[in-house]
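> Let me give you the structure first, and then I'll get to my questions.
The values are calculated or read from the model by the stated rules, or taken from the named source; none is laboratory data. The shown structure was predicted, so the numbers you read here are calculated from the model rather than taken from an experiment. No Cβ is skipped: glycine too gets one built from the backbone with ideal geometry, and neighbour counts run over all protein chains shown. For accessibility, only protein heavy atoms count, side chains too; no ligands or nucleic acids. Shrake-Rupley method; radii C 1.70, N 1.55, O 1.52, S 1.80 Å.
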Amino acid sequence: VWDPRANRERFALSAVEVLRIVDEAFEAFFLLPITTHSALLPDLATGINSCLQHYISMAKFGCGTQSTYVPTMPPLTRCSRRSKLPSVFKKKEKVPKKSQAGTVNGNENDSFGTPQMCCRINTLNYIQNELNVLAKRDITHLSSSGTNQDIADRMEKVFEFSAAACVEGIQQLCEATANKVIFQDLSHFFWDGLYIGEVSSTRIDPFLQELDHYLEVISITVHDKVRTQVITEVMKVSFDGFLMVLLAGGPPRAFTLQDYEIIDEDFNFLTDLFWSNGDGLPAELIEQFSTKVKDILPLFNTDTDSLIEKFKQVTLESCASSSAKSKLPLPPTTGQWSPTEPNTVLRVLCYRNDETAAKFLKKTYHLPKRL
């Protein structure tokens, strides 16, 4: 039961029981009237680590991975001035700005709400810390009782695998939490809402308001030792998601040169949310993960003719053989967005609401206007 209200440190009570059993198992083992403790210790350690890792896997069970939440990129199309917003999207109901605020905390039966995900993270953090304490306590006890030093030395490494599994599990849960928040919980405001139709009327503000609620819940719930790690993952996913909206958001999205200032301002608002006037993440951390977006955004402020020439240049440079240069190849989608990566530049052209771009894409690749 991943109930963050179970105790002050907001981890699962079952973790306390698990560690108590482990502690009692080692204590009972060393009280056995035998002379082969050293020889049998590796077998005991293997069995206990196996049980601990089973518990750790249960803490991650069902939480998903990045692929669970990130939407599939739609096929590339060219933009049309006359059909910037397909009719199927024009009838889409607007989502009230506060629709998510009341459910951000989930309910007591939800094992995968944001507080429950934070509780899972806290639980693995608690186990990792307590394993270190447990090992040191046992080593001290063994040394003071005159036990073979070899056994005491081996105890230092007994929990290495489980501790490493906790570190890996915490990272996996941080990533799952971030992707769930951005692409599932806030999908209406982000993937299904940001820049759908007119850019000026579908800006990032509603998404930021909702994301702020989630960041507050995370900050209150997750242990301070892993808080920065969780929020950093949310930031990374929101930045990557912002690029996905711009480069793989489907036919409902189209951008003009004039939209660049709005997009750039919105991204600054997003980074400011994580900066939070100095109370949020360190500035250097934000700068580190925002660099890719900042490098790509100027493409949206590049005139179409220059963009086409840039695309031709980087595409031909990426060709391995001269024979391929007779016809401009369609660059594959790698997801490794960069201002010098052919597919990235192509996608900016695909979402450029401009006749010149549309004609180039039709002539060169026969891209359709609609999916």
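> Considering only residues that are in contact (Cβ under 8 Å) with a residue 12 or more places away in the chain and open to solvent by 50 Å² or more (accessible area, probe 1.4 Å), which ones fall in the stretch 158-183?
Across the stretch 158-183, the qualifying residues are F161, V167, Q171, Q172, E175.
> Would it be correct to say that V245 is open to solvent by less than 50 Å² (accessible area, probe 1.4 Å), aliphatic (A, V, I, L, M), out of contact with any helix residue (DSSP H, G or I) (no Cβ under 7 Å at 6 or more places or on another chain) and modelled with pLDDT of 95 or more?
Judged against the criteria, V245 is a match.
> Let me ask something additional. I151: under 30 Å from E27 (Cα atoms), modelled with pLDDT of 90 or more and not in a loop (DSSP other than H, G, I, E, B), yes or no?
Spelling it out, it is not the case that I151 is under 30 Å from E27 (Cα atoms), modelled with pLDDT of 90 or more and not in a loop (DSSP other than H, G, I, E, B).
> Under the condition of being farther than 18 Å from A254 by Cβ and among the hydroxyl-bearing types (S, T, Y), which residue from the stretch 292-320 is surrounded by the most Cβ atoms within 10 Å (Cβ to Cβ)?
T315
> Also: Scan the stretch 195-220 residue by residue and report those that are within 21 Å of M73 (Cα to Cα) and crowded, with 23+ Cβ neighbours inside 10 Å.
Listed by number, the residues that qualify are Y195, I204, F207.
> Do any residues in the stretch 31-43 that are closer than 20 Å to F159 by Cα have Cβ atoms under 7 Å from those of residues that are surrounded by 12 or more Cβ atoms within 10 Å (Cβ to Cβ) and hydrophobic (A, V, I, L, M, F, W, C), where the two are at least six apart or on different chains, and which pairs are they?
Partner pairs satisfying both residue conditions: H37/F30; H37/I151; S38/I151; L41/I151.
> Could you check the stretch 342-371 and list, in sequence order, the residues that are among the β-branched types (V, I, T) and more than 34 Å from the chain's Cα centre (by Cα)?
Answer for the stretch 342-371, where residues must be among the β-branched types (V, I, T) and more than 34 Å from the chain's Cα centre (by Cα): T356, T364.
> Name the helices (runs of 4 or more DSSP H) wholly within the stretch 195-290 that hold at least 3 residues that are more than 30 Å from A357 (Cα to Cα), in contact with a Pro (Cβ under 9 Å, 6 or more places away or on another chain) and in contact (Cβ under 8 Å) with a residue 60 or more places away in the chain?
Filter on the stretch 195-290 gives 205-221.
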